[in-house]
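Below is one structure, written out as C-alpha cells; comments come after it.
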Amino acid sequence: MTRVLVAVVEVIAPIEPDRAETIANKITDPRQRASALVWIAKIITPTNPGRAKSLLAVAWAGSNWEIPLSALHVIDSSVLKYLVADPMDDW
C-alpha cells in the first residue's frame, strides 16, 4: 500500500501539490513518507520555495538525513554549500 501512495503522490504532485502532501502525510513508512515529501518539495520550489523548505524540514525530521539531502541542491543550495564547506574556512 505504501508504494501505491508514493506513486500517487508522484503523479498528482505537479497538478495538485496540496492533495499530494495530504496523501504523503498518510504514508506510515518514514522513509517512503520523506521521499514523497521531497518529491513534492522539488516540484513546488519554483512557485513556492518557502513551502518547499518546510516540506524538506518535515522530511528531514522524520527520516534518515540522506533522503532530504538529495533535494537540497534544488531547494536551497546555500544550505548545501554550508553543510559541505570546509570547517577550516571559518578560521
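The values are calculated or read from the model by the stated rules, or taken from the named source; none is laboratory data. Quantities reported herein were computed from a predicted structural model and do not represent experimental measurements.
If you go through the range 38-80 one residue at a time, how many are charged (D, E, K, R) and either modelled with pLDDT under 65 or not in a helix (DSSP H, G or I) (or both)?
1
Within the range 1-13, work out how many residues are assigned to a loop (DSSP other than H, G, I, E, B) and modelled with pLDDT of 95 or more.
Count: 1.
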